[in-house]
Amino acid sequence: MDYETKATSLHASGEIVPEGRPWRVSIAGTLTFTEGSFDAPDVELPEETVAIADYDFSAIPEYSRLKYRQIELTSRVSRSFSRDASGYVELGWYDLQDDSPWVYGDETGSVLVTRAGVQTSF
């Protein structure tokens, strides 16, 4: 049995830090394509069967074929309050497109995530 996976990713990010300002803005994005599949196993059936063998492995190559496209976009704004403290707000959008919903059902969907917090260093 031969299992094969392929993944291709493209990532870009950037950050703006205005001189003399306490603000910082960053953005990032990733686009990923993944595929996976395996060939049908070469299984020898016993000469004497102890049960009914009314199945075969011919559909495995198609059934095991997985294909996804994933997009991740994030944006973050942070502000320094002092040398040791800052606050931030972040927004992330994640989208998954399941082009072969064989094994786990259709996993296609999107989610929007918001985060906010305070960071300190010591």
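Screening residue 61 against (1) more than 18 Å from residue 18 (Cα to Cα); (2) of a type outside the set (Gly, Ala, Ser); (3) in contact with a Lys or Arg (Cβ under 8 Å, 6 or more places away or on another chain) leaves a single unmet condition, (3).
If you go through region 81-90, how many residues are assigned to a strand (DSSP E or B) and either at pLDDT below 95 or surrounded by 15 or more Cβ atoms within 10 Å (Cβ to Cβ) (or both)? Residues meeting the conditions: 3. Condition first: at pLDDT below 95, touching a Pro at 6+ places or on another chain (Cβ under 9 Å) and of a type outside the set (Lys, Arg). Can you find one or more residues in region 108-117 that meet it? Yes; the residues of region 108-117 include at least one that is at pLDDT below 95, touching a Pro at 6+ places or on another chain (Cβ under 9 Å) and of a type outside the set (Lys, Arg).
Among the residues making up region 14-38, a single one is basic (Lys, Arg) and loosely packed, with under 15 Cβ neighbours inside 10 Å: 21.
Count of region 65-108 residues, restricted to those that are in contact with a Leu (Cβ under 8 Å, 6 or more places away or on another chain), in contact (Cβ under 8 Å) with a residue 40 or more places away in the chain and small (Gly, Ala, Ser), is 1. Would you call residue 48 loosely packed, with under 11 Cβ neighbours inside 10 Å, at pLDDT 75 or above and of a type in the set (Asp, Glu)? So residue 48 does not fit the description; no.
The values are calculated or read from the model by the stated rules, or taken from the named source; none is laboratory data. Predicted model, so just to flag it, every value in this text is computed and none were measured. Every residue, glycine as well, gets a Cβ built from its backbone with ideal geometry; the counts of neighbours run over all protein chains shown.
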